[in-house]
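What follows is a single structure, written as structure tokens, with notes after it.
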């Protein structure tokens with residue numbers, strides 16, 4: 001059960017990090033224009049994506065900390 005929580009949290013953190021990197025890359029390379037002359041990306045959408053991926057990473061980190069606390073409690077009980 002704890003191993004599942006750790007695996008889920010680590011996987012979520014990796015996905016969040018990947019999403020953050022994608023959004024950051026798009027923002028860093030913004031400046032070009034699409035075929036219609038409009039900006040190629042929506043900066044508001046990309047910034048929202050950065051913030052969402054950050055919060056998602058933080059939530060997964062909290063799950064990882066909780067699992068670590070559970071392991072610590074189990075070790076204390078067995079000692």
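The values are calculated or read from the model by the stated rules, or taken from the named source; none is laboratory data. In this text the structure is predicted, and so the values were computed from the model without any measurement. Neighbour counts are summed over all protein chains in view; Cβ atoms, including those assigned to glycine, are modelled from backbone coordinates with ideal geometry.
For residue 9, the conditions (1) part of a helix (DSSP H, G or I); (2) at pLDDT below 95 are fulfilled apart from (2). If residue 14 meets every condition in (1) exposed (fewer than 14 other Cβ atoms within 10 Å of the Cβ); (2) at pLDDT 95 or above; (3) over 9 Å from the mean Cα position of the chain (by Cα) apart from one, which number is that one? Of everything listed in (1) exposed (fewer than 14 other Cβ atoms within 10 Å of the Cβ); (2) at pLDDT 95 or above; (3) over 9 Å from the mean Cα position of the chain (by Cα), residue 14 misses just condition (3).
Total residues in the stretch 27-53 satisfying the condition of being at pLDDT 95 or above and surrounded by 15 or more Cβ atoms within 10 Å (Cβ to Cβ): the figure is 4.
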